[in-house]
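The values are calculated or read from the model by the stated rules, or taken from the named source; none is laboratory data. Keep in mind that what you see is a predicted model, and the values were worked out from it rather than measured. Glycine also receives a Cβ, built like all others from the backbone with ideal geometry; neighbour counts cover every protein chain displayed.
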Amino acid sequence: MKKLMALFLSVFIATTVMAATKPAPVAPVLSGTMVNGVRVITVAAKKYEFIPNPIVVNVGEKVLLKITATDVDHGIGIKEFKIEQKLPKGSEQAIGFTPDKTGTFTINCTEWCGLGHMAMKGKFIVLPVIKK
């Protein structure tokens, strides 16, 4: 019984210590590269994901998404920025816009692409501009 109690106490202490020592959050890295003042991000749409995920940009910067569906037809939608574009398989589509609000927004596939269609989502994160 003493061994069982000691084991229970060890597990409890280890769990408590691990929960209390969470690593510091890591700042998101901006996606893509800047080309002539535009953040250009190459995106692949495939069953059932968008790559990269998340896509991270700064508020107020011009963004150009260069998206290719690699396996079947897909679509991309980001409701808050009024984006909805069909993505025919193998054809790069370019979508340019300037995010005007900060937050984390859902990217949806807007064209039926198979049984996992409803789960095909991504994150579009718009960060505030940090003044130095």
Taking the conditions exactly as written (under 12 Å from Gly96 (Cα atoms) and within 16 Å of the chain's Cα centre (by Cα)), does Phe50 satisfy them or not? no
State the number of residues belonging to the range 67-82 that are of a type in the set (D, E, K, R) and in contact with a Ser or Thr (Cβ under 9 Å, 6 or more places away or on another chain). 2
For Ile107, which of the numbered conditions (1) at pLDDT below 95; (2) more than 11 Å from Tyr48 (Cα to Cα) fails to hold? (1)
Filtering the range 29-50 down to residues that are of a type in the set (S, T, N, Q) and not in a strand (DSSP E or B), which residue is farthest from Gly116 (Cα to Cα)? Asn36
Contact list please: Cβ distance under 6 Å, first residue in the range 83-97 and farther than 16 Å from Thr110 by Cβ, second residue part of a strand (DSSP E or B) and among the basic types (Lys, Arg), pairs at least six apart or on different chains. Glu92/Lys66; Ala94/Lys66
Condition first: more than 14 Å from the chain's Cα centre (by Cα) and surrounded by 12 or more Cβ atoms within 10 Å (Cβ to Cβ). Now tell me which residues in the range 103-117 satisfy that. Thr110, Glu111, Trp112, Cys113, Gly114, His117
Mind listing just one residue for me: the one in the range 23-43 that is buried (at least 16 other Cβ atoms within 10 Å of the Cβ), of a type outside the set (Ser, Thr, Tyr) and under 20 Å from Thr106 (Cβ atoms) and, of those, modelled with the lowest pLDDT? Leu30
